[in-house]
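The values are calculated or read from the model by the stated rules, or taken from the named source; none is laboratory data. As the structure is a prediction and not an experimental result, all values here were calculated from the model. Cβ coordinates were reconstructed from backbone atoms using ideal geometry, including for glycine residues, and neighbour counts include every protein chain displayed.
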Amino acid sequence: MTDLTDLPLRDELRGLRPYGAPQLDVPVRLNTNENSYPVPDEVVDAIAKALQGELRDLNRYPDRDAVALRTDLAAYLGHGLTAAHTWAANGSNEILQQLLQVFGGPGRTALGFTPAYSMHPLISVGTGTRWIDGTRAEDFTLSVEHAVAQVREHRPDVVFLCSPNNPTGTAMPMDVIEAVTAEATGMVIVDEAYAEFARPGTPSALTLLPAYPRLVVSRTMSKAFALAGARLGYLAAAPAVVDAVQLVRLPYHLSALTQAAARAALACADTLLGTVEAIKVQRDRIVTELRARGLSVADSDANFVLFGGLADSAGVWRRMLDHGVLIRDVGLPGWLRVTAGTPDETDAFLAALDRSLP
Ligand SMILES: *Cc1c(COP(=O)(O)O)cnc(C)c1O
């Protein structure tokens, strides 16, 4: 039997494992930051109608440039953006991959500030881009001076910022984002997958786009929009960046069904985003409850909470699972991450935690 090690893999892929949070069939799944609320019936109906309208024409390729969808995404984002400033793909992970195919690649480097989204290094390696593991302070904060010094030292072709940051949950101060963007000679990608969950007064890096043509903001419909299964991510940037990405995108990468479903969902944005406030209430409740138990908790602008001070985080994770609650071990010893969902899920999480802490 031939296995992976017998195949002529690219050297940098040897020994790697595919990305994958466990997809286990347990009663309470709080490990991948999905929106816990199912798609509301009126949105189900709107998407079904939009898909029905496409079916007869599936003999034809879809709009390769997804112009109508990009127009709708730009309108949703606001900030004076147009279709020319936006691009869409099958999840924001594909957006990030396309960006690295254009701006990274063999002989080039990408820098991120760990801990951050674990897919940033994986997509870098997958595109032949050398990953540089930048650092943060012990409390996961990143000062202007610390960030700028690392950009200056490494002169990366691509800098990844994640705000609100996964797995810590905290939004990055705008002065850090701006200082990194001003210092960088390459591209700066701000991954704003959780932007809609940010606490009031947290600005988006979208506000910086007019001043910085090498800045890219990536977003997704997987989290606040409750459409992780539909696979729709997008970016906003200067129109030249959108032109650049078209050099590497596969022709017709975004199916007519995906485009239609995303447009129908965007037309119902208010309804779909109706769960965001309820999730933020549970997020803040989890933060308060965990602090009351004496645990360390990072401030969260997202739909999840990172908590630490656990002598045996792997053991707590395992006991939680035994009690039917799946949370995430993000590989930070002493810390675990939990997704904020429904009030019942918070109840189940807290009950299981109290039975799992030593
Ligand atoms: C969940 C997540 C994404 C979303 O990826 P999709 O491919 O759009 O589902 C992107 N970035 C971060 C930081 C995430 O946590």
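When residue 169 is tested against (1) within 23 Å of residue 245 (Cβ to Cβ); (2) surrounded by 24 or more Cβ atoms within 10 Å (Cβ to Cβ), just one condition goes unmet, and that condition is (1). The set of residues in the stretch 2-35 being hydroxyl-bearing (Ser, Thr, Tyr) and not in a loop (DSSP other than H, G, I, E, B) consists of 5 alone. Restricting attention to the stretch 157-207, the residues that are modelled with pLDDT under 95 and either closer than 17 Å to residue 120 by Cβ or outside the structural domain of residue 228 (by TED's automatic domain parsing) (or both) total 0. Taken over the stretch 107-121, the criterion of being aliphatic (A, V, I, L, M) and either away from the ligand (no atom under 12 Å from the Cβ) or more than 30 Å from residue 335 (Cα to Cα) (or both) is satisfied by 110, 111. Could you list all residues from the stretch 301-329 that are within 24 Å of residue 275 (Cβ to Cβ) and assigned to a loop (DSSP other than H, G, I, E, B)? 301, 302, 303, 324, 327, listed by residue number. Of the residues 158, 151, the single one that is among the aliphatic types (A, V, I, L, M), within 16 Å of the ligand (Cβ to nearest atom), surrounded by 17 or more Cβ atoms within 10 Å (Cβ to Cβ) and without any contact (Cβ under 8 Å) to a residue 60 or more places away in the chain is 158. Just one of (1) free of Cβ contacts under 8 Å to residues at least 12 places away in the same chain; (2) at negative phi fails for residue 15. It is (2).
Taken over the stretch 107-121, the criterion of being assigned to a helix (DSSP H, G or I) and closer than 12 Å to residue 218 by Cβ is satisfied by 119, 120. Filter the stretch 207-236 for residues that are away from the ligand (no atom under 16 Å from the Cβ) and touching a strand residue (DSSP E or B) at 6+ places or on another chain (Cβ under 9 Å) and give the result. Matches in the stretch 207-236: 208, 209, 212, 213, 214, 215. Please work out which residue is nearest to the ligand (Cβ to nearest atom), limiting yourself to the stretch 122-145 and to residues that are surrounded by fewer than 16 Cβ atoms within 10 Å (Cβ to Cβ) and not in a loop (DSSP other than H, G, I, E, B). Selected residue: 133. Only a single item in (1) touching a residue at least 60 places away in the same chain (Cβ under 8 Å); (2) over 30 Å from residue 101 (Cα atoms); (3) of a type in the set (Ser, Thr, Tyr) is not met by residue 296, and it is number (1). Scanning the stretch 38-64 for residues that are surrounded by 11 or more Cβ atoms within 10 Å (Cβ to Cβ), away from the ligand (no atom under 16 Å from the Cβ) and not in a helix (DSSP H, G or I) turns up 40, 61, 62, 63, 64. Output yes when any residue across the stretch 78-99 is crowded, with 16+ Cβ neighbours inside 10 Å, under 21 Å from residue 187 (Cβ atoms) and acidic (Asp, Glu), and no when none is. Within the stretch 78-99 (the criterion being crowded, with 16+ Cβ neighbours inside 10 Å, under 21 Å from residue 187 (Cβ atoms) and acidic (Asp, Glu)), the answer is yes, since at least one residue qualifies. For first residues located in the stretch 81-105 and under 10 Å from residue 232 (Cβ atoms) and among the aliphatic types (A, V, I, L, M), partners that are within 11 Å of the ligand (Cβ to nearest atom) and assigned to a helix (DSSP H, G or I) and lie 6+ apart or on another chain with Cβ distances below 6 Å form the pairs 89/95. Considering the stretch 74-106 alone, what residues qualify as being more than 25 Å from residue 20 (Cβ to Cβ), among the hydrophobic types (A, V, I, L, M, F, W, C) and either outside any helix (DSSP H, G or I) or within 13 Å of the ligand (Cβ to nearest atom) (or both)? Within the stretch 74-106, 81, 87 qualify.
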